[in-house]
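A.B. asks: First the structure, which I've put down as C-alpha cells, then a few questions once you've had a look.
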Amino acid sequence: MISRATLTSWLQPAAPEPAAPVATGTERRALWIEITIVLLVTFGTSGLSGLLSLTESLLTPGNLADQAVALNVARAENQIIDVARQLLGIVKLLSWAALGLYLLWRSGVRPRDVGLGRFRWRPDATHGVGLAALIGLPGLGFYLLARAIGANLTVVPSTIGDHWWRLPALILWAIANSGAEEVLVVAYLITRLRQLGWSENSSLLASALLRGTYHLYQGFGGGLGNVAMGLVFGRYWQKTGRLWPLVIAHATIDSVAFVGYAALRGHVGWIP
C-alpha cells in the first residue's frame, strides 16, 4: 500500500541541488538561447518534422493504419555505402548526446550530477529492465489498439536488407536513440528548465511533450504513447537522479522491437 506521503513526493517532488535557478537576466537569456539552438539542431526540429509528417498522413486518402512508416531503412543500394551511412547516422545521434553533456559540463553540471556516474549493475540494470517491461509491454498493446482504431500508422521497425551487419546495426541504432533521447530530452532539458526556475512538474511536462511530438510521424498513438513514456522516465530521473536505468530501458525496448521484428517477420501473422 502506497502511503500518502510517498504518493505526494512522486507527484510534487522538490528540485535537487545543484540545479538552482539562475538569478540574473543575462544568464537566463543565455540559457534560453542555448536551449533554442540545441533543440533546433536536435529533437526540436524532429518534433516539427513529426507534426508535418502527421499532417501529411492525415491529408492522404484512407485510414492511417493503411499507411506505413519505417524506422530503420536502407540508405544506399551498395551494401558498403549503406553500412557506412548507417554508422554515420548512429554517430550523429551519439554526438547529440555528447553535445548535451558537454554544455552541461561547461556550466558546472558534471555527467555524474545527471546520473551518468559510475555504473551500478544491480540497481541500474535491474531498474532498467523493469522500466523496459513497464513501458514496453503496455506500449505494444497500446500500439496495436491505436492501429486497430485507425489512430496510428503501421510501424515497420526495419526495412534494411538481410545483411550480416543488420542485427549489430539495429542494436547500435537502439543504443544511439536511447543515449540521445535520454541525455537531451531528460537530463539536459529538465536541468536547464530547473535553472530557469521551472517547477519539477512543468519541466517534466515539457520534456514529455517534446518526446511525444517527434514521434508523431507514427500517428496519434505514437505521440501519446511516448508522452506517457516521457512522464514515467522523466519522473523516475527526477526522483532518483539516475540516468543509466533510462538509457538501458530505452535501448532494451528498441533492441527488442528492431531485432524481434527482423527475426519474426514472416513467421507471425500480425507483424507486417
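A.B. asks: Check whether at least one residue in the stretch 143-159 is surrounded by fewer than 19 Cβ atoms within 10 Å (Cβ to Cβ), under 30 Å from residue 242 (Cβ atoms) and in contact with a Phe, Trp or Tyr (Cβ under 9 Å, 6 or more places away or on another chain), and report yes or no.
C.D. replies: No; the residues of the stretch 143-159 include none that is surrounded by fewer than 19 Cβ atoms within 10 Å (Cβ to Cβ), under 30 Å from residue 242 (Cβ atoms) and in contact with a Phe, Trp or Tyr (Cβ under 9 Å, 6 or more places away or on another chain).
A.B. asks: Going residue by residue through the stretch 196-210, is there one that turns out to be open to solvent by 20 Å² or more (accessible area, probe 1.4 Å), touching a residue at least 40 places away in the same chain (Cβ under 8 Å) and part of a helix (DSSP H, G or I)?
C.D. replies: Yes, the conditions are met somewhere in the stretch 196-210.
A.B. asks: Restricting attention to the stretch 160-169, report how many residues are assigned to a loop (DSSP other than H, G, I, E, B) and open to solvent by 20 Å² or more (accessible area, probe 1.4 Å).
C.D. replies: Final tally of qualifying residues: 4.
A.B. asks: Just a yes or no: is a residue in the stretch 127-145 part of a loop (DSSP other than H, G, I, E, B), modelled with pLDDT under 95 and over 18 Å from the mean Cα position of the chain (by Cα)?
C.D. replies: There is no residue in the stretch 127-145 that is part of a loop (DSSP other than H, G, I, E, B), modelled with pLDDT under 95 and over 18 Å from the mean Cα position of the chain (by Cα).
A.B. asks: In the stretch 73-90, which residue that is touching a residue at least 60 places away in the same chain (Cβ under 8 Å) and within 21 Å of the chain's Cα centre (by Cα) is most open to solvent (accessible area, probe 1.4 Å)?
C.D. replies: Ranking the qualifying residues of the stretch 73-90, first place goes to 87.
A.B. asks: Also: Give all pairs with beta carbons closer than 7 Å in which a residue from the stretch 245-261 that is in a helix (DSSP H, G or I) and modelled with pLDDT under 95 meets a residue that is surrounded by fewer than 24 Cβ atoms within 10 Å (Cβ to Cβ) and acidic (Asp, Glu); count only pairs at least 6 apart in sequence or on separate chains.
C.D. replies: Listed pairs, sorted by first residue: none to list.
The values are calculated or read from the model by the stated rules, or taken from the named source; none is laboratory data. The structure presented is a predicted model; accordingly, all values stated were derived computationally and were not measured. Reconstructed Cβ throughout: ideal geometry from the backbone, glycine too, with neighbour counts over all protein chains shown. Just so you know, the surface numbers come from the protein's heavy atoms only, side chains and all, with ligands and any DNA or RNA stripped out. Shrake-Rupley method; radii C 1.70, N 1.55, O 1.52, S 1.80 Å.
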